[in-house]
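Undergrad: Handing you a structure now.
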2 protein chains.
Amino acid sequence: MSTERLDAQMAFLMEADKLKQILRATKIADGARYENSGEHSWHIALFALVLGADAPAEVHIDRVIRMLLLHDLVEIDAGDAPIFGDHDAAEMAAKEDAAATRIFGLLPPDQAQEFRAIWDEFEAAETADARFAKSLDRFQPPNQNLASDGGSWAEYDTRYDLFEARVGTKIKRGAPWLWDWLQPRASAWFEARGKR
Amino acid sequence: MSTERLDAQMAFLMEADKLKQILRATKIADGARYENSGEHSWHIALFALVLGADAPAEVHIDRVIRMLLLHDLVEIDAGDAPIFGDHDAAEMAAKEDAAATRIFGLLPPDQAQEFRAIWDEFEAAETADARFAKSLDRFQPPNQNLASDGGSWAEYDTRYDLFEARVGTKIKRGAPWLWDWLQPRASAWFEARGKR
């Protein structure tokens, strides 16, 4: 093991620490504060470990977990784009692309290439693993919103239709059984507030 | 997929959210605030993904990552025991054992048994996977301490000998190349402050 290799690995890992300071639009379940992208990444990796046991056979859970551990690192440079907010998708994609180049580029070349490929696969959302990973990334926040009296739904004054379009369709695509479970719960919340 | 099974999985996953509110003795790298055990769990799973590529062949990285995602959940009930603090080890072990029974017990029976076994393996620190996982759990905090002008070392007025006894020996056991990298850096920090 060369010192140079380990120096590069540690430069990446210490840079990654900054993800703990990127705040999301979602609050933690008791509503006390906004969630950061580091703890969010842990939580959805745990979702993958638990819920992945019942995913279709073509989903490889350990690959999904690796994907989820890496998926938000680009936010260190690009920030988090709230799902119910308005942002220029092409501009955001360009920022995230540059962020991936810089951040994964801190690693030794073989790992930089490997991790970048995993992140690109997640972003493209075409493989079974990436589709399931994306579903979990969309499935966790509504559960925290339900637990904290609306969370980001209340803050962004969201209607059910927008929730179903931006969140529901993505969950359904990779994990239909999770959408079946969530949909009536979410629907009831919006219904009770005259938002559906 | 029975609703009962998914209800149990979700009860576990939403209980796990509380780990985001358990504060550790270590600060995040810029020293701005204490680290919580949720983001810590993400960070060391990432350490496993990066540094595990150079671990001995008998270490299975994906198992180590699963272990690290689960390793601190017992703190939801038992709290975090700072490594340089004084606590009754037997009392803490009993608290953590009860916590594991309650928290993993929220899962469907097959997963409760599977996850409990992974946690028990981590705690026993006898297999190659558990030894490597324990090494990473000890290796991450000193790097944050070095980045934040001492962090928990400064707060607990720690001397080098205690650091080597409580932290160094555990890192060396599962990841000697990481200790070789860290030791001179840590030693210099303690030396400069007359603590070695």
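Undergrad: So, in the range B:41-59, exactly how many residues are over 18 Å from A:Glu114 (Cβ atoms), of a type outside the set (A, V, I, L, M, F, W, C) and within 9 Å of chain A (Cβ to nearest Cβ)?
TA: Number satisfying all stated conditions: 2.
Undergrad: Of all residues in the range A:9-18, which are hydrophobic (A, V, I, L, M, F, W, C) and within 8 Å of chain B (Cβ to nearest Cβ)?
TA: A:Met10, A:Phe12, A:Leu13, A:Met14, A:Ala16
Undergrad: Quick test for you: out of A:Ala89, A:Ala53, A:Ala81, pick the one residue that is over 15 Å from A:Phe132 (Cβ atoms) and in contact with an Asp or Glu (Cβ under 9 Å, 6 or more places away or on another chain).
TA: A:Ala81
Undergrad: Which of (1) aliphatic (A, V, I, L, M); (2) out of contact with any Pro (no Cβ under 6 Å at 6 or more places or on another chain); (3) under 25 Å from B:Val59 (Cβ atoms); (4) touching a residue at least 24 places away in the same chain (Cβ under 8 Å) does B:Ala117 not meet, given it meets every other one?
TA: It fails just one condition, (4).
Undergrad: Filter the range B:134-191 down to the residues that are open to solvent by less than 20 Å² (accessible area, probe 1.4 Å), within 14 Å of chain A (Cβ to nearest Cβ) and of a type in the set (Phe, Trp, Tyr) and list them by number.
TA: Within the range B:134-191, B:Phe139, B:Trp179 meet the criteria.
Undergrad: What number of residues within the range B:35-68 satisfy the criterion of being farther than 15 Å from B:Pro141 by Cβ, of a type in the set (D, E, K, R) and assigned to a helix (DSSP H, G or I)?
TA: Number satisfying all stated conditions: 4.
Undergrad: Still on this structure: Of the conditions (1) part of a loop (DSSP other than H, G, I, E, B); (2) closer than 21 Å to A:Ile44 by Cα, B:Trp119 satisfies every one except a single condition; which number is it?
TA: Among (1) part of a loop (DSSP other than H, G, I, E, B); (2) closer than 21 Å to A:Ile44 by Cα, B:Trp119 violates only (1).
Undergrad: Here's a check for you: in the range B:95-128, which residue that is aliphatic (A, V, I, L, M) and either on the phi > 0 side of the Ramachandran plot or more than 18 Å from the chain's Cα centre (by Cα) (or both) is surrounded by the fewest Cβ atoms within 10 Å (Cβ to Cβ)?
TA: Here the residue is B:Ala98.
Undergrad: Identify the single condition in (1) free of Cβ contacts under 8 Å to residues at least 12 places away in the same chain; (2) over 23 Å from A:Phe115 (Cα atoms); (3) more than 10 Å from chain A (Cβ to nearest Cβ) that B:Leu6 does not satisfy, given that it satisfies every other one.
TA: Going through the list (1) free of Cβ contacts under 8 Å to residues at least 12 places away in the same chain; (2) over 23 Å from A:Phe115 (Cα atoms); (3) more than 10 Å from chain A (Cβ to nearest Cβ), B:Leu6 breaks only (3).
Undergrad: Shifting gears a bit: Could you tell me whether any residue of the range A:69-82 is at pLDDT 95 or above, β-branched (Val, Ile, Thr), part of a loop (DSSP other than H, G, I, E, B) and open to solvent by less than 10 Å² (accessible area, probe 1.4 Å)?
TA: Yes, the range A:69-82 contains a residue that is at pLDDT 95 or above, β-branched (Val, Ile, Thr), part of a loop (DSSP other than H, G, I, E, B) and open to solvent by less than 10 Å² (accessible area, probe 1.4 Å).
Undergrad: OK, next. From the residues in the range B:20-40 that are open to solvent by less than 10 Å² (accessible area, probe 1.4 Å) and touching a Leu at 6+ places or on another chain (Cβ under 6 Å), which one is farthest from the other protein chains (Cβ to nearest Cβ)?
TA: Within the range B:20-40, the match that is farthest from the other protein chains (Cβ to nearest Cβ) is B:Ser37.
Undergrad: Okay, moving on. Go through (1) without any contact (Cβ under 8 Å) to a residue 60 or more places away in the chain; (2) in contact with a His (Cβ under 8 Å, 6 or more places away or on another chain); (3) at the interface with chain A (Cβ under 7 Å from one of its Cβ atoms) one by one and return the number of the condition B:Asp62 breaks.
TA: (2)
Undergrad: Separate question: Give all pairs with beta carbons closer than 7 Å in which a residue from the range A:140-153 that is touching a residue at least 60 places away in the same chain (Cβ under 8 Å) meets a residue that is among the β-branched types (Val, Ile, Thr) and part of a helix (DSSP H, G or I); count only pairs at least 6 apart in sequence or on separate chains.
TA: From residues that are touching a residue at least 60 places away in the same chain (Cβ under 8 Å), the pairs are A:Gln140/A:Ile44.
The values are calculated or read from the model by the stated rules, or taken from the named source; none is laboratory data. Fair warning: this is a prediction, and the values are worked out from it, not measured in the lab. Please note: Cβ atoms are built from the backbone with ideal geometry, for glycine as well, and neighbour counts cover all protein chains shown. With ligands, DNA and RNA removed, areas are computed over all heavy atoms of the protein, side chains included. Shrake-Rupley method; radii C 1.70, N 1.55, O 1.52, S 1.80 Å.
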